[in-house]
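Working notes for the structure below.
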């Protein structure tokens, strides 16, 4: 039976965790990237679709290429972060379902239905992106998820060999610098946005 997490764990994952605009000068190892995947892969997706395809921009060259496709203050965030991750989505994820979801002929549910694949890929890759954030926090790292970039440009630059993969969002990754965040935005109480029916 699952047991409640400690207050310290809940703080690390939710209550005191923040999205960072900048990071300490402290490297992130490739082993940590693998650790994040080894946690986030267990998060549920519909019929185990797992449509997310991640590109971990670690080199200066990759970060510069990505930064050139971002707007506002995002380019500097990308350049100075130890890692920036592109969370992409495979619109042909259904091709992998025979081994990812062997309990049923799930591939046939999506064949010939591009619209269903698109909405499923967006929904489930977004879920996986959220699992990425929580996995990073769980191993002691911080993130800065963002949109504000040229999706078509990123797709051409990073997924040219896989045209059925499209970018969803990106996120910086590292050890967050507290000096780069502002006061937390409002978090409403339950009645504000919730109804029990």
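Taking the Cβ-Cβ separation of residue 96 and residue 152 as r and a Förster radius of 30 Å, what is the calculated FRET efficiency to the nearest 0.05?
Values: r = 25 Å, r/R0 = 0.82.
In this case the efficiency is close to 0.75.
Starting from the 7 Å offset along Cα-to-Cβ, what nm value, one decimal, do you get for the label separation of residue 37 and residue 139?
1.0
Segment 66-117 to segment 128-151: how many Å between their Cα centroids?
That distance is 14 Å.
Can you give the helix-only mean residue ellipticity at 222 nm for the chain, where every DSSP H stretch with n ≥ 4 adds -39500 (n - 2.57) and the sum goes over all residues, rounded to the nearest 500 deg cm²/dmol? All intermediate terms of the calculation are to be shown ahead of the outcome.
On the way: 9 runs with 75 residues, N = 197.
Mean residue ellipticity, 222 nm, calculated: -10500 deg cm²/dmol.
Let a ≥ b ≥ c be the square roots of the eigenvalues of the Cα gyration tensor of segment 139-197; is it rounded (a/c under 1.5), or, if not, prolate (a/b larger than b/c) or oblate? Working shown, then result.
Working: a/c = 2.85, a/b = 1.52, b/c = 1.87.
In terms of gyration-tensor shape, oblate.
Any idea how far apart residue 177 and residue 18 come out in nm if each label point goes 7 Å out from Cα toward Cβ?
Once both label points are built, they end up 1.3 nm from each other.
Please compute the length gained on full extension between residue 123 and residue 46, using 0.36 nm multiplied by the number of residues separating them and subtracting their Cα-Cα distance. Don't skip to the end; give the middle numbers.
Working: separation 77, 0.36 × 77 = 27.72 nm, distance 0.91 nm.
Fully extending the segment from residue 123 to residue 46 adds 26.8 nm.
If you take every DSSP beta bridge fully contained in the chain, what fraction is antiparallel? Give it as a percent rounded to 5. Numbers along the way, then the final one.
Numbers: 21 of 22 bridges.
Around 95 percent antiparallel, to the nearest 5.
Modelled label-to-label distance, residue 103 and residue 130, 7 Å Cα→beta-carbon offset: nm?
Once both label points are built, they end up 2.1 nm from each other.
Give the shape of segment 9-178 as rounded, prolate or oblate, defined through the alpha-carbon gyration tensor: a ≥ b ≥ c are the square roots of its eigenvalues, a/c under 1.5 means rounded, and otherwise the shape is prolate if a/b is larger than b/c and oblate if not. Walk me through the numbers before you get to the answer.
On the way: a/c = 2.25, a/b = 1.44, b/c = 1.57.
Oblate.
We did not get these values from a lab; they are worked out from the coordinates using the rules stated. Values in this document were obtained by computation on a predicted structure and should not be read as measured data. Methodologically, a virtual Cβ is constructed for each residue, glycine included, from the backbone with ideal geometry; neighbour enumeration extends over all protein chains shown.
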